[in-house]
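The values are calculated or read from the model by the stated rules, or taken from the named source; none is laboratory data. Treat the numbers as computed from the prediction; the structure is a model and nothing was measured. Please note: Cβ atoms are built from the backbone with ideal geometry, for glycine as well, and neighbour counts cover all protein chains shown.
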Amino acid sequence: MNRFVAAAVAGLIATSCAQAQVTEDDIANDQTITTQVVTNGMGRNLQRYSPLTKLNKDNISKLVPVWAFSLGGEKQRGQESQPLVYDGVMYITGSYSRLYAIDIKTGDELWQYDARLPEGILPCCDVINRGAALYGDKVYFGTLDAKLVALDRKTGDVVWKSKIENYKEGYSYSAAPLVVDGKVIVGNSGGEFGVVGAVYAFDAETGDLIWKRPTIEGNMGILNGEESTMTGTLNASWPGDLWKTGGGATWLGGSYDADTNTLVFGAGNPSPWNSWLRGAGEKNDGTGDNLYAASRIGIDPDTGEIKWHFQTTPREGWDFDGVNEVVPFVDKDGKKRFGTADRNGFFYVLNREDGSFVHATPFVSNITWAEGIDENGRPIYNEDNRPGNPAGAADGEKGDMVFSVPSFLGGKNWMPMAYNQKTGYFYVPSNEWGMDIWNEPISYKKGAAYLGAGFTIKPIFEDHIGSLKAIDPNTGDIKWEYKNEAPLWGGVMTTAGGLVFTGTPEGKFLALDAETGETLWSFQTGSGIVGQPITWEQDGEQWVAIISGWGGAVPLWGGEVAKKVNYLNQGGMVWAFHLPKEVASIQ
Ligand code: CA
């Protein structure tokens, strides 16, 4: 065989073996390419909106399961993953940092990757994972021992593995990564262990760190292997050395606004929870804002520099992490806005150019800690509702206890909302609950919980905690509400077919009318749903999928709420649905 023939044969082999590559264009246009779901959020703007209309109000009642897939083993804990779909394969992550590739037509397993976690990992709130990312020929996900793993999409073989941080210091990872222009962008978890929050960009091909941006003032950033710039101004809003263990974990990942070329990540609670320890500069009097904890941060994706920030809860003292997803949308006047429903119970609209405040309205009832939000976006605090200062309390004694609404698990927690471009509403999965909360003396110890607070969660209504709300972002008006007895902990997805999909801890996968909230279809999945629904088009039909598997933070931290959920069974199944052929064919 001469070398020309050899080259031609090699080329043929390469062509026949080559798999389709997920491109930046695929990712950028994920919302409108309806035959795939290659991003967390069904688009990097996290709208979780599909333009598909094949499933609609007229036929949704006929929806049936096509296959189900078990995550197997004894590791049946909370399944919070959003499936991805590309080139005939569904990719899902599972509890204990596992990843599966499934044949989309048959539900057969193609391969499974198990991260084999070390002893001593420190996940705060169940051993969950919220999903993977696709780019090129790889699938990426983060693990509870704070590593980012790139796998070959075809085989599940490890291509590279990079350390995000040291898990022994309390760092972990559970969010879905975000891919922008060849960079895999992640945050970190561990705000209950006194870590320092940060956003990281890794090279998608090599796994090398390109930049790191800490979220707490005083900490240095990294760019191309060298120190870049300091985050904020040292001791401007933090006292002494507390910024070195200041929290602000970026544990929910981020969104990307292509119009302004901005990454938007939220930063969680400042550490410790006891706000009386966190003053400013020389004055350790509990008056520091503690930037950029409990904030949304706009970041330049090329350099990791901070472009803007908006702090929802300055001097945060109730574990109101500011991590909730920030969703770009266009308001009724055609203005480019962000919508975000904060854990503190207020729904904010921000200006996409600079993150500046537009307006805010409460989306849960009976908020106690603030009277409202002022014209600058700052809370009007009810100081009587701040947990008391434990300074001077004798050993084992607490500061004054208060009853605060929302509870520390939030008016909204991690579970993602959806935005429907047709109705113009956000669909926000919220919870109506409060807590007894008090502060306690605390000192930092590496790898140990760093709260300085105690709490008991309580319902505030007899008949429900969960409440899915349709919110008009132009006015903050709540257009309808779907009440659920147990706390809602799953994601939401909406379509141009006028539908809203979500699931309940009681196991129901629901399709609601996007205009009215009326239940149009329901399917019992066998375990509680804390996963995130998706929809896509395959062979001319519209499919829907959800992962069922009860768990997450609620059963771990539930207080009196635990009594409402302790009968729920664990599980771990992917369910895929479409219309029966005879129904689909008459569309
Ligand atoms: Ca927290």
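Couple of notes before you dig in:
- Verdict on residue 114 being crowded, with 23+ Cβ neighbours inside 10 Å and out of contact with any Asp or Glu (no Cβ under 7 Å at 6 or more places or on another chain): no
- Where a residue in segment 441-468 is on the phi > 0 side of the Ramachandran plot and its partner, wherever it lies, is among the polar types (S, T, N, Q) and surrounded by 15 or more Cβ atoms within 10 Å (Cβ to Cβ), with Cβ under 7 Å and at least six apart: 452/274; 452/439
- Which listed residue is over 23 Å from residue 128 (Cβ atoms), assigned to a strand (DSSP E or B) and of a type in the set (S, T, N, Q), from 494, 475: 494
- Checking each residue in segment 233-280 for being within 14 Å of the ligand (Cβ to nearest atom), modelled with pLDDT under 95 and not in a loop (DSSP other than H, G, I, E, B) picks out only 275.
- Residue count, segment 118-138 (criterion: touching a helix residue (DSSP H, G or I) at 6+ places or on another chain (Cβ under 9 Å), more than 16 Å from the ligand (Cβ to nearest atom) and of a type outside the set (Ser, Thr, Tyr)): 5
- Any hit, segment 168-177, residues being at pLDDT 95 or above, more than 22 Å from the chain's Cα centre (by Cα) and either surrounded by fewer than 24 Cβ atoms within 10 Å (Cβ to Cβ) or not small (Gly, Ala, Ser) (or both): yes
- Subset of segment 536-572 that is part of a strand (DSSP E or B) and crowded, with 21+ Cβ neighbours inside 10 Å - its residue that is farthest from the chain's Cα centre (by Cα): 542
- Residue 163 vs. criteria free of Cβ contacts under 8 Å to residues at least 24 places away in the same chain and farther than 24 Å from residue 42 by Cβ: yes
- Residue within segment 385-393 that is over 26 Å from residue 469 (Cβ atoms), in contact (Cβ under 8 Å) with a residue 40 or more places away in the chain and in contact with a helix residue (DSSP H, G or I) (Cβ under 6 Å, 6 or more places away or on another chain) present: yes
- Sole residue being under 29 Å from residue 339 (Cα atoms) and surrounded by fewer than 20 Cβ atoms within 10 Å (Cβ to Cβ), chosen from 231, 260, 215: 260
- Residue match in segment 476-497 (condition: crowded, with 19+ Cβ neighbours inside 10 Å and at positive phi): no
- Residue count for segment 404-457, restricted to those that are part of a loop (DSSP other than H, G, I, E, B), aromatic (Phe, Trp, Tyr) and more than 24 Å from residue 340 (Cα to Cα): 2
- Test: residue in segment 126-137 that is closer than 21 Å to residue 187 by Cα, part of a loop (DSSP other than H, G, I, E, B) and among the acidic types (Asp, Glu): yes
- Pairs meeting the criteria (first residue in segment 78-99 and under 13 Å from residue 174 (Cβ atoms) and in a strand (DSSP E or B), second residue among the charged types (D, E, K, R) and at pLDDT below 95, beta carbons under 9 Å, at least 6 apart or on different chains) are 94/75; 94/77; 98/75.
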